[in-house]
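Only one structure is covered here, and it is reproduced in the block below.
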Amino acid sequence: MSRGSSTGFDRHITVFSPEGRLYQVEYAFKAAKSPGFTSIGVRGADSVVLVTQKKVPDKLLDPSSVTHMFKITDQIGCVSTGLQPDAKNQVQRCRYESAQFEYENGFKIPVEHVALKCANVAQVYTQHAFMRALGVVTIFAGIDEEKGPQLFRVDPAGHYTGYMACAAGQKEQEANNLLEKRVKANADMNFEQTVETAIIALQTCVGSDLKPTDIEMAVVRTSDPVYRVLTVDEIDAHLTRISDRD
């Protein structure tokens, strides 16, 4: 950040710059991109697919212990892009809120309400000088009993929105440009088309063919409304099907 008129205004999260900007919140958006990977969510007519890059930072690490996919409830899950400790904090809070909601109301929490609770926490963290904004973007996926497949994105500023397709991370703009074209061409995608759109968008961002161990994928379908992270063999089958068709 260049100094000058902004000097000193990035030291406190609650102080506006002369241009009306909150630099600490902007830094949180940059922090969400700092790990250097991209995540994508796509909503079809009968399913929602989440896909993200899987980077194991150390060769001595067990790859099965490194993940950005988290289950909130049996029907709802998310992919977190950004700082892993902040992601764990958000996931833990969402699990608590989901359990509390079901206990108080007697039915399972809707996807939109999980996103709302997550956004509320992120937004509060931008209001107090003794807190810092969370450097993580969270994409939620699930099946709503009334509305069907749902996809929501929550950013560090506490803003949440429903999407037909969205991306987060280092190359989110490139991914969004491709997703716009694919969704515009076919808004009511079936499960296979939804998976294909998500994988092709990620491959385009990365700029090379993906190996099954390079990505993580999770799906939830109306026919089986359970959030499920796919195995390496299942991911390989999808990649093979797409490459054979090309």
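Summary table
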{"read-out": "Meets criteria (crowded, with 21+ Cβ neighbours inside 10 Å and either closer than 30 Å to Asn120 by Cα or touching a strand residue (DSSP E or B) at 6+ places or on another chain (Cβ under 7 Å) (or both)) for Gly169", "value": "yes"}
{"read-out": "Hits in segment 210-229 (condition: touching a Phe, Trp or Tyr at 6+ places or on another chain (Cβ under 8 Å) and over 24 Å from Pro63 (Cβ atoms))", "value": "Arg221"}
{"read-out": "Entirely in segment 130-246, the helices (runs of 4 or more DSSP H) that have 1 or more residues that are touching an Asp or Glu at 6+ places or on another chain (Cβ under 7 Å) and farther than 18 Å from Gly44 by Cβ", "value": "191-206"}
{"read-out": "Some residue of segment 221-235 being in contact with a Pro (Cβ under 6 Å, 6 or more places away or on another chain) and either of a type in the set (Phe, Trp, Tyr) or under 24 Å from Ser80 (Cβ atoms) (or both)", "value": "yes"}
{"read-out": "Top-ranked residue of segment 211-227 - restricted to ones that are in contact (Cβ under 8 Å) with a residue 60 or more places away in the chain and not β-branched (Val, Ile, Thr), ranked as farthest from Gly36 (Cα to Cα)", "value": "Ser223"}
{"read-out": "Residue check for Val121: within 13 Å of the chain's Cα centre (by Cα) and hydrophobic (A, V, I, L, M, F, W, C)", "value": "no"}
{"read-out": "Among the residues listed as Ala218, Ala133, Ala198, Ala165, the single one being within 30 Å of Phe29 (Cβ to Cβ) and over 14 Å from the mean Cα position of the chain (by Cα)", "value": "Ala133"}
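Here's the yes/no breakdown for (1) buried (at least 18 other Cβ atoms within 10 Å of the Cβ); (2) over 29 Å from Cys118 (Cα atoms); (3) at pLDDT 95 or above:
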{"position": "Lys147", "(1), (2), (3)": "no, no, no"}
{"position": "Ala157", "(1), (2), (3)": "yes, no, no"}
{"position": "Asn177", "(1), (2), (3)": "no, no, no"}
{"position": "Arg182", "(1), (2), (3)": "yes, no, no"}
{"position": "Asp188", "(1), (2), (3)": "no, no, no"}
{"position": "Gln193", "(1), (2), (3)": "no, yes, no"}
{"position": "Leu202", "(1), (2), (3)": "yes, no, no"}
{"position": "Cys205", "(1), (2), (3)": "yes, no, no"}
{"position": "Asp209", "(1), (2), (3)": "no, yes, no"}
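The values are calculated or read from the model by the stated rules, or taken from the named source; none is laboratory data. What you see is a predicted model, and the numbers here were worked out from it, not measured in a lab. Note that each Cβ is placed from the backbone with ideal geometry, even for glycine, and that neighbours are counted across all protein chains shown.
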